[in-house]
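Below is one structure, written out as structure tokens; comments come after it.
The values are calculated or read from the model by the stated rules, or taken from the named source; none is laboratory data. Keep in mind the model is a prediction, meaning the values are calculated, not measured. Here the Cβ positions follow ideal geometry from the backbone for every residue, glycine too, while neighbour counts run over all protein chains shown.
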Amino acid sequence: MKNRTKTMVSGLGAVAITTLLLTGCAGGQSKIEACNSIAKTVSSASTEVSSSMSNFQSDPTGAAKSMKTMAASFKTAAGKVTQSDIKPLADKAAAAMDTFSSDFTKLAADPKTADTSAVQASSQKMSDTFTALQKACTQ
């Protein structure tokens, strides 16, 4: 019984060491892991945001709320990225999304007097940062 326990502990130790070595070789989070993590967040929130945006005319506050929720979710996801090539791009995209969300909320609150050029500019900035992030993830 003692030998069996010793063999099992040795085997578990070897598995643990192998896992640690492989993780060490990867240098932490891989580019694929970072991109997949972000993609999951965007995918899960995009359906809700798309639906809310299509209903903007009838429920601008709901659309703004959905955008704010997605921006917060993306910021959380970007905060979990540690991969050195993706991290700065994810942070820029999160900041751009946050700015757009803020501008969009102002538009939703008062569409007649809101600064639509600010919304367009922040939308373009958000699009540009996501394009850069997507490009980095597909290289």
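Worth pointing out:
- Lone qualifier among S122, S127, S66, S117 - being farther than 20 Å from S46 by Cα and not β-branched (V, I, T): S117
- Of the numbered criteria (1) modelled with pLDDT of 90 or more; (2) surrounded by 20 or more Cβ atoms within 10 Å (Cβ to Cβ); (3) not β-branched (V, I, T), the one A63 fails is (1).
- Any hit, segment 110-119, residues being in contact (Cβ under 8 Å) with a residue 12 or more places away in the chain, in contact with a Lys or Arg (Cβ under 6 Å, 6 or more places away or on another chain) and not small (G, A, S): no
- Exactly one residue out of T69, T47, T76, T61 is part of a helix (DSSP H, G or I) and either touching an Asp or Glu at 6+ places or on another chain (Cβ under 8 Å) or of a type in the set (F, W, Y) (or both), and it is T69.
- Some residue of segment 74-83 being out of contact with any strand residue (DSSP E or B) (no Cβ under 9 Å at 6 or more places or on another chain), of a type in the set (K, R) and under 15 Å from V49 (Cα atoms): no
- Only one of the listed residues (D85, D91) is outside any helix (DSSP H, G or I), out of contact with any His (no Cβ under 9 Å at 6 or more places or on another chain) and under 17 Å from K31 (Cα atoms). That residue is D85.
- Condition check for I38: more than 18 Å from M126 (Cα to Cα) and not in a loop (DSSP other than H, G, I, E, B): no
- Every residue from segment 125-139 that is among the hydroxyl-bearing types (S, T, Y) and either under 15 Å from the mean Cα position of the chain (by Cα) or not in a helix (DSSP H, G or I) (or both): S127, T129, T131
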